[in-house]
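**Q** What follows is a structure written as structure tokens; I'll ask about it next.
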Amino acid sequence: MRSTFPSLWTLVRPYRWRYLVGLSCIVISLWLKLQIPQYFWGTLSELLELDRGTGDLDTTQAASLITQAALLIFGASLLIAPIRTASRLLILGTSRKISRDLLAKIFARLLELAPSFYSRNPTGQLMSRAINDREYVRSLAGAVLMYIVETITLYAIAIPLMIDIDAELALLALAPYPLFLIFARYIAVRIQTTARAAQNALAAITEKTDESLSGQLVIKTLTLEDADFEKFTVRCEEFRQLNLHVAKLRALMISSMMGLAGISTMLVLYQGGAQVARGEMEFKDFGVLLTYLAWLAVPTRTLGFVISSLKRGTAAHERVLEVLDSAVELRQEMHTARTPEVSHAALRVQNLSVVYPPFSEQPHLEGSLPPEHIGSHADVERTVLDNIELEVPPGTTLGIVGHTGSGKTTLARVLARQLEVPTGTVFVDGQDITSFPLENLREQVGYVPQDAFLFSESLRANVSLSQPDASEEAVLAALAGAQLSKDLDQLPEGLDTIIGERGVNLSGGQRQRTALARVLLFAPKLLILDDTLSAVDTNTAESILEYLRPFAAGRTTILIAHRLSSLSHAEQIIVLENGKIVERGTHAQLLALGGHYSSTWELQQESEDNAVRASQLEQELEQGFEDGAEQ
């Protein structure tokens with residue numbers, strides 16, 4: 001992972017001139033501020049000399065001196081106010097621009113990362129980095145930087161002036177500072193470590209909140225409210241304890257700074273006061289030096305807060321860098337002189353194996369790996385696909401069946417280019433799938449996963465997601481093909497009904513059919529349906545399949561289903577078991593083979609026959625009751 005400050009510079013560099021002007025304003029305003037004690041104490045010293053010399057103060061001359069000093073101080077203040085304001089507008093305003101740029105970078109990176117990244121890292125962890133940690137980075141590039149520069153500048157200007165007044169007294173005042181720097185470094189390291197742990201705990205709270213809100217139906221159905229609240233409380237308590245520890249460390253540092261400032265002031269008063277009394281030091285110089293020391297005490301007291309904020313911002317930026325530096329995983333290797341394009345969507349897979357390493361060994365963001373996975377006996381390497389060989393001619397349908405966990409979805413995701421595969425294993429139209437630019441390939445692939453994801457927008461917007469300019473007739477045609485048009489009357493606003501977050505206002509079958517309609521409108525050259533009709537009743541599924549047959553003509557189709565009747569028309573069917581192809585052929589060939597496919601078909605047919613007989617018996621009973629009532 002990149003180091004913090006070079007990567008921060010990449011964010012700051014576009015605004016370096018704004019920062020340069022802003023920091024220059026800080027230097028100018030502090031230099032003007034440090035002139036004020038010279039005017040004040042110089043005038044006071046002259047007034048004392050006049051009084052001491054004549055014994056009778058000339059009021060006219062005194063008024064002139066006071067007026068002159070007041071005008072100088074007022075003029076300096078008039079200059080300081082706009083310059084100081086400009087410094088804050090430039091630095092703090094620019095930090096908000098950097099925050100905006102950082103958010104854009106995070107979001108752009110999240111769009112580039114492969115789906116496997118999201119399966120390893122919970123949404124709450126990503127949200128925490130994009131929102132909470134980004135705010136700490138904004139503070140680092142704004143207020144923290146401004147206060148650090150102000151403190152350094154004040155020390156850089158004031159200390160030489162103090163030494164010029166009285167080197168011995170100035171060095172005596174600064175003597176305790178080296179000890180503090182050693183102590184501050186020790187505390188700052190502990191603050192950074194604890195602050196990072198606190199930010200991880202905040203990410204865990206965000207993750208738990210997202211999980212609980214998304215799973216409210218399950219929580220309420222199983223009456224898990226108390227148990228879920230207890231889990232949430234445990235995470236909040238951990239966050240509270242870590243923040244209390246950070247607050248204690250901050251308080252320790254701030255109180256040390258205040259004590260240091262008090263010791264320095266005491267030493268100057270004791271030594272300098274004696275020198276003034278003995279006439280070894282002018283009253284003006286003593287007053288100016290004491291004022292400078294008092295002004296140095298203010299940033300010194302807040303230096304503890306600034307250092308802790310610096311460490312917290314650094315830790316936050318490191319967490320953001322985890323996302324920005326995450327590997328994209330999906331390679332795009334150009335092996336040809338021209339960019340390949342999908343023309344017929346002919347598929348060929350040879351010697352394809354997909355092996356998942358133990359979950360704990362896969363790359364995770366800090367705090368994303370559940371503790372129960374560490375050292376678990378169940379956390380082992382898994383071979384999901386083992387030496388797959390198949391060929392799908394263009395415009396044909398491949399059916400895939402197999403029990404749960406046999407590798408069907410993994411194969412679908414490989415063909416949809418959502419998982420990384422070795423070169424030379426998957427080919428589209430004779431070209432290695434890794435040689436296609438992802439955007440070009442996915443423009444011709446329509447993939448409907450098992451769990452349909454819908455956005456909290458209108459039904460129209462969800463269906464026309466990939467074709468925002470599609471006409472209403474085209475949208476209605478896609479809905480008709482997915483057998484969803486007949487459900488429009490049930491929606492209060494028809495196509496313009498907001499379907500809620502993740503389609504919460506729709507049934508499971510309606511969500512699946514909406515996702516299917518989206519792909520039908522998209523009209524890709526390669527259509528991949530991963531058990532898309534699992535939540536749809538048999539009659540509706542048959543109607544959808546009837547529509548898909550002419551729609552799939554000329555398109556390569558991958559159809560995954562548990563209901564074998566949905567696959568009977570496919571030109572080729574494969575049976576997966578433990579990641580291997582154990583049977584292959586047409587529907588008739590597999591029935592004749594008498595293997596797993598044949599036995600599953602017989603069981604499903606028997607189940608359907610029983611369902612038909614049960615329905616007939618129910619109708620006969622209802623008819624009997626009606627006849628008895630009439631008699």
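**Q** Condition first: under 28 Å from Gly395 (Cα atoms) and touching a helix residue (DSSP H, G or I) at 6+ places or on another chain (Cβ under 8 Å). Can you find one or more residues in region 485-494 that meet it?
**A** yes
**Q** Follow-up. Is at least one residue of region 168-175 among the aliphatic types (A, V, I, L, M), touching a residue at least 40 places away in the same chain (Cβ under 8 Å) and exposed (fewer than 14 other Cβ atoms within 10 Å of the Cβ)?
**A** Yes, some residue in region 168-175 is among the aliphatic types (A, V, I, L, M), touching a residue at least 40 places away in the same chain (Cβ under 8 Å) and exposed (fewer than 14 other Cβ atoms within 10 Å of the Cβ).
**Q** If you scan region 438-456, which residues turn out to be surrounded by fewer than 17 Cβ atoms within 10 Å (Cβ to Cβ) and either modelled with pLDDT of 85 or more or not in a helix (DSSP H, G or I) (or both)?
**A** Glu443, Gln450, Asp451, Phe453, Phe455, Ser456
**Q** Additional query: Would you check which residues across region 244-270 are over 25 Å from Ala167 (Cβ atoms) and among the β-branched types (Val, Ile, Thr) and list them?
**A** Listed by number, the residues that qualify are Val246, Ile254.
**Q** Count, please, the residues in region 17-75 that happen to be surrounded by 12 or more Cβ atoms within 10 Å (Cβ to Cβ), hydroxyl-bearing (Ser, Thr, Tyr) and at pLDDT below 75.
**A** Total satisfying the criteria: 3.
**Q** Take the conditions among the charged types (D, E, K, R), surrounded by 15 or more Cβ atoms within 10 Å (Cβ to Cβ), modelled with pLDDT under 85 and not assigned by TED's automatic domain parsing to the domain that holds Gln510 and apply them to Glu420. Does it pass?
**A** Against the criterion (among the charged types (D, E, K, R), surrounded by 15 or more Cβ atoms within 10 Å (Cβ to Cβ), modelled with pLDDT under 85 and not assigned by TED's automatic domain parsing to the domain that holds Gln510), Glu420 qualifies.
**Q** Quickly run through region 194-252 and pick out the residues that are assigned to a helix (DSSP H, G or I), open to solvent by less than 30 Å² (accessible area, probe 1.4 Å), free of Cβ contacts under 8 Å to residues at least 24 places away in the same chain and of a type outside the set (Ser, Thr, Tyr).
**A** Ile219, Asp228
**Q** Right, next: Tally the residues that are on the phi < 0 side of the Ramachandran plot and assigned to a loop (DSSP other than H, G, I, E, B), restricting the search to region 464-495.
**A** 13
The values are calculated or read from the model by the stated rules, or taken from the named source; none is laboratory data. This structure is a prediction, so every number in the text was calculated from the model and none was measured. Methodologically, a virtual Cβ is constructed for each residue, glycine included, from the backbone with ideal geometry; neighbour enumeration extends over all protein chains shown. Surface areas here come from the heavy atoms of the whole protein model, side chains and all, with no ligands, DNA or RNA. Shrake-Rupley method; radii C 1.70, N 1.55, O 1.52, S 1.80 Å.
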